[in-house]
Amino acid sequence: MDKLETIYQFNKRLLQSLSINYQEWQHEPILDFITDEKVAKELGWTGTHSKSLFLKLKGAGYALLLTDKDSRLDSKGIKAITGKRPSIVDNDEMTEAIGCVPGAVCPFGLPSHIPIIVDRNLFDSKELLYTPGKPDFTIGLPSSRLIDILQALENPIIEM
């Protein structure tokens, strides 16, 4: 099984184990915002599109920022909560470290030592949309269940 399939299967098992009602769509691969917006319009998505940024923390490994697709990286905010300056990891290093492809980073199923920094605003939305590793799939779930998913993971969770 390749890495993307492993990540995808992890996500399916995780949601099923938590009895989370979710929707899943298969579509053309989404690897950029233009395609994301086009597919969202075609499929009538109304949920909050999430964005996962894989970060390198200066001198301290990696972290993943889970936020909405319109938010920009708040480097000062990340540094304030981690004590380390963040930078976005280049595509090759990211793929090597977590197995995801650029433009389709999955927030769940990361190696357990990688902290997940979660934008608190995601908890306020009605539905959260994310890529479960495979760029041609999207999952939508009630944002109210995000906390259950995060608590089920072994990764350190930091709210921002």
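Derivation of every value follows stated rules applied to the coordinates shown; laboratory data play no part. This one's a predicted model, so the numbers in the text were calculated from it and none came from an experiment. Because the Cβ atoms are built from the backbone with ideal geometry, glycine has one as well, and the counts that use them run over all protein chains shown.
Okay, residues lined up against (1) touching a strand residue (DSSP E or B) at 6+ places or on another chain (Cβ under 6 Å); (2) of a type in the set (Gly, Ala, Ser):
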| position | (1), (2) |
| --- | --- |
| Arg13 | no, no |
| Leu18 | no, no |
| Gln23 | yes, no |
| Ile30 | no, no |
| Thr35 | no, no |
| Ala40 | no, yes |
| Thr46 | no, no |
| His49 | yes, no |
| Leu53 | yes, no |
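Tallying residues that are more than 16 Å from the chain's Cα centre (by Cα) and in contact (Cβ under 8 Å) with a residue 24 or more places away in the chain within the stretch 6-22 yields 4. Please go through the stretch 44-58 and give me each residue that is loosely packed, with under 15 Cβ neighbours inside 10 Å and without any contact (Cβ under 8 Å) to a residue 24 or more places away in the chain, ordered by number. Result: Gly44, single match.
Residues in the stretch 15-54 that are among the hydrophobic types (A, V, I, L, M, F, W, C), touching a helix residue (DSSP H, G or I) at 6+ places or on another chain (Cβ under 9 Å) and outside any loop (DSSP other than H, G, I, E, B): Leu15, Trp25, Phe54. Counting residues in the stretch 71-86 that are under 27 Å from Tyr22 (Cβ atoms), of a type outside the set (Asp, Glu) and surrounded by fewer than 20 Cβ atoms within 10 Å (Cβ to Cβ) gives one or more.
Has the stretch 150-158 got any residue that is among the acidic types (Asp, Glu), loosely packed, with under 15 Cβ neighbours inside 10 Å and under 17 Å from Ile78 (Cα atoms)? Scanning the stretch 150-158 turns up no residue that is among the acidic types (Asp, Glu), loosely packed, with under 15 Cβ neighbours inside 10 Å and under 17 Å from Ile78 (Cα atoms). Taking the stretch 55-98 as the range and being in contact with a Gly (Cβ under 9 Å, 6 or more places away or on another chain) and among the small types (Gly, Ala, Ser) as the test, only Ala60 passes.
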